[in-house]
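The values are calculated or read from the model by the stated rules, or taken from the named source; none is laboratory data. This is a predicted model, so every value here is computed, not measured. Cβ: placed from backbone, ideal geometry, glycine included. Neighbour counts: every protein chain shown. Remember, those area values only see protein heavy atoms, side chains included, never the ligands or the DNA or RNA. Shrake-Rupley method; radii C 1.70, N 1.55, O 1.52, S 1.80 Å.
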Amino acid sequence: MEVSKHLRAFFSSRIVFRKSLWSHRCLQCRKSTCASEQRYSATSQKDSRGSLSLHSKLAVGPTLQDFIRSSASEDAHTVEHEEVTEHPPYISEQEEATLEKGKRVLYWKGDPHSTEIHGSNHSVGPLCKNPFEKDPVVPEIHLVPTFSSPGTQLKEENIVVDIADKAKCREKAEQTIWNRLKHLTAMKHERCKSEAPLVIGILGCMAERLKHEILEKEKLVDIIAGPDAYRDLPRLLNLRKYDQQAVNVLLSLDETYADIMPVQVNNETKSAFVSIMRGCDNMCSYCVVPFTRGRERSRPLLSILEEVRMLSDKGIKQVTLLGQNVNSYRDVSEVQYNTGEPSNLSRGFSTVYKSKVGGLRFADLLDRVSRVDPEMRIRFTSPHPKDFPDEVLQLIQERHNICKQIHLPAQSGSSSVLQAMRRGYTREAYLDLVENIRKTIPGVSLSSDFITGFCGETEDDHQQTLSLLQSVKYSTGFLFAYSMRKKTHAYHRLKDDVPTEVKKRRLQELNTVFREEASKMNLKAVGTNQLVLVEGVSKKSSKDLCGRSDGNIRVIFPAMEISTHSSSSSFAEIKPGDYILVKITDTSYQSLRGIPLRHTSLKDSAV
């Protein structure tokens, strides 16, 4: 293992050395007069243009023995309680000093979607431990960076990092990212030489899946990092300084970023996302996630609890647990967790993999997280219907701070299409689960995902999906037309045989039925009092505020002072992070509108 480590370090340094002379300070002694310098004097040769030849440059670089001696020397002179900072072999002394004094400005760009936002927060973590900062002048995440903003000073280097996770299964989202990259590339070429250089990077699933097209064919970016390469971002950025292709799309079997606390990009929000697991084992035939994010691996429960406590101390009022298949969580980090019964599935559901034995399950995690702060709302997304055993549903019903809202992706209402999708359940099993959920959790709000126009979908299959929407009556829906993705089971085994015009028509019909049913569900809320967590000013009017109900429905209400308690005569303004009661007076298919009544708390509203 030691020899392997030395070889990797040696060859990595030699490759980078082709673009830069070895520093006058070697790893072993860090003095200006060392063996490296002596080799340089003895072997340097110049070519016809007076420049050092490639052979001479390589000859003066470090050898494998330098690394072995350096490692042995460090092992022999270990000093307790003293942290030694290694000098990066790919950064010269002068460049290191520049990085320490300078500042690289991060312009973060991503869609306002939970996984992308949280992914960006995770990516900033490793960068903030290095000489990289987020410029406070630059607009917040998901806003297009404006390089000519008044007050923006020229920095050493400007970096645009694009989070491209949302395109893993949808063609429209992927095309949006392609257009964005072309726009940024045009901006890069138009910049004056006197301005700071622009480096463009792309992270996430799309970066891993389309790395060749992005980097070699289209030549739109400088850096590509897959979903498991966030730790490597500082090195990739430094490699780019030597005009090398900076790419890392390797998937990990155990990377969970458990020891990296995400950086909150927007400090004003009172909601946060906590990643609890990565990857997916379900192998649905339309989905590329298992191939771009790898197998399921869960964060240790203790690290999750630590992050939730930290967020609670910062005043966060809502935490959403994130994972590609969040409710299949299984912590096997401790020996004592690895004994127990096989995992329980919802009745009538199956998997393509063998039942997993041992480990702390999602019910254990949900129980512990909900106890951290009784005044913090707990949500989770995205789950799979198969992983809703009775113990999970009962826990949601019992805890007043676990929201009574469940995302239940159906994808289709036809059993034959569900079989082609390899979802592991039938229409009947899904409807039985819905009935069990509503029986266990009265008043629960359900949301879902649907894909129309999947391979082989007939008109009868489409009608069954419409009838499922009418039967279940979802409060929120995410509806998409199918677009085939490489690497998936469908790409290799099925035929995308539904015409584009038919997909568009069916999608429109799904949207129409969903909106009708969602409007009916929301009308039932008129006249009721809803507990709302205030998020901030409404996008449509500065005179209004907005927040989310327990069922995750957006609620709009006027900004005003309201009573601080039901029996109190004092009033206070409404601020983000407040829990208030709102009497609903009007609705649409996607939001509620009402009048704020008074301030409250989760505990008081649960009585």
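Tabulated data for the structure shown
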| item | result |
| --- | --- |
| 10 Å beta-carbon shell around S415, net charge (K/R +1, D/E -1) | 0 |
| Residues whose placed amide H lies under 5 Å from that of R422, excluding near-sequence neighbours | S285 |
| Which listed pairs, of K386/K487; K386/K575; K356/K495; K473/K603; K386/K504, have C-alpha distances above 31 Å, in listed order | K386/K575; K356/K495 |
| Accessible-area composition of the stretch 346-455, carbon plus sulfur, in percent [1.4 Å probe] | 48 percent |
| Karplus 3J(HN,Hα) series, Hz, for the stretch 518-523 with 6.51 cos²θ - 1.76 cosθ + 1.60 (x for Gly, Pro) | 5, 5, 5, 5, 5, 4 |
| Normalised contact order of the stretch 519-586, rounded percent, pairs of Cα under 8 Å and 6 or more residues apart | 38 percent |
| Amide hydrogen neighbours beyond the local backbone of F388, cut-off 5 Å, H modeled | S346 |
| Probe 1.4 Å, protein heavy atoms only - accessible area per residue of the stretch 311-433 in square angstrom | 40 Å² |
| Accessible heavy-atom area order of H189, H462, highest first, probe of 1.4 Å | H189, H462 |
| Shape call, the stretch 458-580: gyration tensor on alpha carbons, a/c limit 1.5 | prolate |
| 5 angstrom amide H check on Q324, placed H, neighbours 5+ away | G279 |
| Probe 1.4 Å - accessible area at S350, Å² to nearest ten | 60 Å² |
| Accessible surface, per residue, of the stretch 532-591 when the full set of protein chains is kept, probe 1.4 Å, Å² | 52 Å² |
| Overall form of the stretch 300-448 per C-alpha gyration tensor (a/c, 1.5; a/b vs b/c) | oblate |
| Prolate/oblate/rounded label for the stretch 398-453 (Cα gyration tensor, a/c 1.5) | prolate |
| Chain lengthening between T176 and E213 when straightened (0.36 nm per residue, less Cα-Cα) | 11.8 nm |
| Sequence of Y286, Y589 from largest to smallest accessible area, 1.4 Å probe | Y589, Y286 |
| R593 accessible area, assembled protein chains, probe 1.4 Å, Å² | 100 Å² |
| The stretch 341-438 - percent relative contact order, Cα under 8 Å, separation 6 or more | 32 percent |
| In order through the stretch 270-275: 3J(HN,Hα) via Karplus (6.51 cos²θ - 1.76 cosθ + 1.60), integer Hz, x for Gly, Pro | 9, 10, 8, 10, 10, 6 |
| Over the stretch 464-590, relative contact order from alpha-carbon pairs under 8 Å, at least 6 apart, % | 27 percent |
| Exposure ranking of L302, L250, L233 by accessible area [1.4 Å probe, largest first] | L250, L302, L233 |
